[in-house]
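Take a look at the structure set out below.
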């Protein structure tokens with residue numbers, strides 16, 4: 001397992017896997033910009049196996065595992081190597097696709113000692129440019145750089161770090177600089193936060209949370225209505241939600257989000273020596 | 001016979017794919033949609049697009065997809 005220092009190392013290793021075998025499967029969907037950012041922060045590690053590439057992204061005290069494999073056999077062999085150094089720590093993997101296509105992949109990970117932790121479903125809302133959101137709320141504002149630590153703490157208290165990809169401070173600052181973080185303050189506290197990323201005609205709603213102390217005051221509605229106004233040029237808004245969070249799904253459906261066919265099965269393997 | 005445009009419209013009906021030369025940069029397709037697209041192209045045109053060809057540049061535009069299918073012997 002070696003640390004990556006340049007994106008070309010990853011691309012070369014990936015090309016090697018691709019060129020050796022006729023088929024190829026992966027759970028690595030990161031953009032080149034994201035890869036460069038993780039490398040710059042010393043977060044990416046690579047392990048090359050016969051017909052399989054394992055990529056580890058450090059996150060707090062565990063790693064996210066991404067793979068690029070010729071087939072389930074090479075993936076199973078790579079995951080099953082008992083001498084591999086990564087087996088001493090906690091590792092998670094996001095197995096994403098249509099439910100009907102994921103069975104073998106999930107079985108491969110379970111066979112290597114991973115267990116199912118959570119499942120997420122993707123939902124989307126198709127915009128209607130003929131009825132633009134005219135809503136304006138003076139209390140819903142873009143977060144300021146000084147809000148970053150409080151936002152990080154706020155999200156860390158609410159998110160499941162294994163399945164919901166807690167953003168680090170650098171990501172929060174990047175979102176601030178792109179005007180992708182809305183807050184509604186209540187005195188010195190954050191009443192609610194909405195975190196989004198927009199690319200072209202699609203916007204991704206990453207997080208939308210209300211402070212438990214300020215529930216049932218309409219803060220969530222004010223945040224999301226402001227968001228809809230800001231991204232009225234987006235034809236599509238997508239999000240991932242925990243599949244058994246019925247309350248959240250009902251709320252999204254209220255705002256015209258509908259389930260797509262994609263699921264994300266999050267699996268975890270605790271380290272062989274971890275308590 | 002389904003067309004490339006028809007398949008794209010089936011995946012993301014909200015977008016007009018004839019107006020873009022960079023579906024990914026314009027936010028019309030993401031990596032997950034590409035997985036669906038590959039599956040639909042395979043089924044519709046009777047090919048099996050290999051992993052080595054599942055790269056963003058092969059799915060950026062209708063011309064790029066057409067070129068990829070022609071590589072697999074599809075006559076369009």
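The values are calculated or read from the model by the stated rules, or taken from the named source; none is laboratory data. Because the structure is predicted, anything quoted here is derived from the model rather than measured. Glycine also receives a Cβ, built like all others from the backbone with ideal geometry; neighbour counts cover every protein chain displayed.
Checked against the criteria, residue A:200 does not count as in contact with a helix residue (DSSP H, G or I) (Cβ under 9 Å, 6 or more places away or on another chain), modelled with pLDDT under 95, surrounded by 16 or more Cβ atoms within 10 Å (Cβ to Cβ) and within 14 Å of another protein chain (Cβ to nearest Cβ). Would you confirm whether or not segment B:52-71 contains a residue that is surrounded by 14 or more Cβ atoms within 10 Å (Cβ to Cβ), at positive phi and within 11 Å of another protein chain (Cβ to nearest Cβ)? No. Counting only helices (runs of 4 or more DSSP H) that fall entirely inside segment A:64-167 and contain at least 2 residues that are assigned by TED's automatic domain parsing to the domain that holds residue A:201, the qualifying elements are A:148-158. Note on segment A:14-63: residues that are within 14 Å of chain B (Cβ to nearest Cβ), in a helix (DSSP H, G or I) and over 22 Å from residue A:102 (Cβ atoms) amount to 8. Taking the listed residues A:234, A:203, the one that is in contact (Cβ under 8 Å) with a residue 60 or more places away in the chain and in contact with a strand residue (DSSP E or B) (Cβ under 7 Å, 6 or more places away or on another chain) is A:234, with no other qualifying. Checked against the criterion of being under 30 Å from residue A:174 (Cα atoms), in contact with a helix residue (DSSP H, G or I) (Cβ under 8 Å, 6 or more places away or on another chain) and modelled with pLDDT of 95 or more, the candidates A:56, A:109 yield just one match: A:56. Contact map, segment A:111-124: first residue without any contact (Cβ under 8 Å) to a residue 12 or more places away in the chain, second residue assigned to a strand (DSSP E or B) and buried (at least 20 other Cβ atoms within 10 Å of the Cβ), Cβ cut-off under 8 Å, separation 6 or more or different chains; the map is empty. From the list A:77, A:100, A:156, A:150, the one residue that fits, being within 14 Å of chain B (Cβ to nearest Cβ), out of contact with any helix residue (DSSP H, G or I) (no Cβ under 8 Å at 6 or more places or on another chain) and surrounded by fewer than 20 Cβ atoms within 10 Å (Cβ to Cβ), is A:100. Screening A:250, A:233 for residues that are surrounded by fewer than 15 Cβ atoms within 10 Å (Cβ to Cβ), over 21 Å from residue A:116 (Cα atoms) and either within 11 Å of chain B (Cβ to nearest Cβ) or at pLDDT below 95 (or both) leaves exactly one candidate, A:233.
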